[in-house]
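A.B. asks: Here you go, one structure.
The values are calculated or read from the model by the stated rules, or taken from the named source; none is laboratory data. Values in this document were obtained by computation on a predicted structure and should not be read as measured data. Neighbour counts run over all protein chains shown; Cβ positions are idealised from the backbone, glycine included. For the accessible areas, the whole protein counts, side chains as well, though only heavy atoms, and no ligand, DNA or RNA atoms are used. Shrake-Rupley method; radii C 1.70, N 1.55, O 1.52, S 1.80 Å.
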Amino acid sequence: MKAATTALRLGVNIDHVATIRNARGEAYPDPARAAEVAMLAGADGITAHLREDRRHISDGDIDSLASLTRQRGRPLNLEMAVTPEMEAIALAHRPHAACLVPERREEVTTEGGLDAAGQHNRLAPVVASLKAAGIRVSLFIEPDPIQIAAAHAVGAQVVELHTGAYCLAVRERRPEASALLQRLRDAAAQASGLGLEVHAGHGIDYETVSAVAAIPEVAELNIGHFLIGEAIFTGLEAAIRRMRLLMDAARTTAGSRTSSREAVA
Ligand code: PXP
């Protein structure tokens, strides 16, 4: 019998451990230690964003995370802006994956998806050079049909769908949350139909993880800020274990719903 859904991986983004460290200019807390705990607690991989302004993760952190994940046989997902400097760093480290993100210095976080449709000629050579180095390339985009088609056209193997608008609408109890969730579902189906692997992330918390995890085409969630915040109250390991349980439960429930529909059909 064909599997109803794909397996769902969890990438834990440890950027904000570095944010806390950098607030005091100290050597602690150490993002590599957080990565160790995350892998123990059920993270399949580690995600880190080396921003151009180095506001959280540093070049030294990338060195440590690259060797740690290599030792543990786990993937490192490097989030990066599309610049010659970041491309050179990615090529030097050859992480398992690179997720290309838009970056504006004045933004608080990655506020929107990459404009893959408007930047084909800028993205195509970078995507090709990372892929040639054996790095799996993902584009962080809005769940928009034009952006998905453009990500495919530019040669990306993966799209990471920006879940920020949906998660914020849920938190603010706005009625458009259900339409935004449907947009994510449609985008995932379109991307998967084009042969792209589908990831999702940004703003996910315990309340929003289940609906996103239940989208059958989604193969990976990348979650950071909420987990690091929750770690203050419960510890990082417990926070990640709880997230993992919620996402696995949502995926199992969604899978059994699909299987029973298939059995009836
Ligand atoms: N995915 C991408 C591409 C991101 O830029 C971020 C934020 O760095 C995340 C996932 C994680 O988002 P959050 O920290 O809100 O969970």
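A.B. asks: Within the chain, what whole-number % of the accessible surface is contributed by carbon and sulfur, with the 1.4 Å probe and all protein chains included in the calculation?
C.D. replies: Values: 6710 of 11820 Å².
Roughly 57 percent, rounded to a whole number.
A.B. asks: For segment 104-210, what's the radius of gyration and Dmax over Cα atoms, in angstrom?
C.D. replies: My reading of the Cα-based Rg and Dmax gives 14.3, 45 Å.
A.B. asks: Let me ask another. Under the rule of -39500 (n - 2.57) per DSSP H run of 4 or more residues, summed and divided by the residues of the chain, what mean residue ellipticity at 222 nm is obtained, to the nearest 500 deg cm²/dmol? Don't jump to the answer; show the numbers that get you there.
C.D. replies: On the way: 11 runs with 135 residues, N = 265.
Value at 222 nm, helices only: -16000 deg cm²/dmol.
A.B. asks: Let me ask something else. Could you give the longest part of the chain that holds none of the trypsin sites (Lys or Arg not before Pro) found in DSSP loops with at most 16 neighbouring Cβ atoms within 10 Å?
C.D. replies: On the way: sites that count: LYS2, ARG54, ARG55, ARG104, ARG105, ARG173.
Result, exposed sites excluded: 174-265.
A.B. asks: Starting at the first residue of segment 115-120, write each ³J(HN,Hα) from the Karplus equation 6.51 cos²θ - 1.76 cosθ + 1.60 with θ = phi - 60°, in whole Hz, x for Gly and Pro.
C.D. replies: Karplus values, whole Hz, x for Gly and Pro: 8, 5, 5, x, 10, 3.
A.B. asks: Using only Cα atoms, locate the centre of segment 166-190 and the centre of segment 48-75, then give the distance between them in Å, rounded to an integer.
C.D. replies: Between the Cα centre of segment 166-190 and that of segment 48-75, the gap is 31 Å.
A.B. asks: If you don't mind, there's one more thing I want to ask. Name the residue, out of ILE215, ILE89, ILE223, whose mean-square fluctuation peaks in a Gaussian network model built on the chain with Cα pairs under 10 Å.
C.D. replies: So, out of ILE215, ILE89, ILE223, the one fluctuating most is ILE89.
A.B. asks: Let me ask another. Determine the dipole magnitude for segment 17-151: charges of +1 sit on the beta-carbon of Lys and Arg, -1 on that of Asp and Glu, nothing else is charged, the reference point is the Cα centre, and the result goes in debye to the nearest 20. Intermediate results must be reported in sequence, preceding the final value.
C.D. replies: Working: 15 positive and 19 negative charges, 93 e Å.
Dipole size: approximately 440 debye.
A.B. asks: Based on a Kirkwood Rh over C-alpha pairs, give the Stokes-Einstein translational diffusion coefficient of the chain at 4 °C and viscosity 1.567 mPa s in µm²/s. Intermediate results must be reported in sequence, preceding the final value.
C.D. replies: On the way: Rh = 18.7 Å.
Value of D from the Cα-based Kirkwood radius: 69 µm²/s.
A.B. asks: In Å², and per residue, what accessible area does segment 1-126 have when probed at 1.4 Å with the other protein chains present? Intermediate values should be presented prior to the final figure.
C.D. replies: Values: 5910 Å² over 126 residues.
It amounts to 47 Å² per residue over segment 1-126.
A.B. asks: Here's a follow-up. Roughly how big is segment 134-265's charge dipole about its Cα centre, with Cβ charges of +1 (Lys, Arg) and -1 (Asp, Glu), in debye to the nearest 20? Kindly include the intermediate steps, with their values, before the conclusion.
C.D. replies: Details: 12 positive and 15 negative charges, 56 e Å.
Approximately 260 debye in magnitude.
A.B. asks: Quick one: Cα convex hull volume of segment 42-94, Å³ per residue?
C.D. replies: 74 Å³
A.B. asks: If you find the alpha carbon centre of segment 204-261 and of segment 102-147, how far apart are they in angstrom?
C.D. replies: 25 Å
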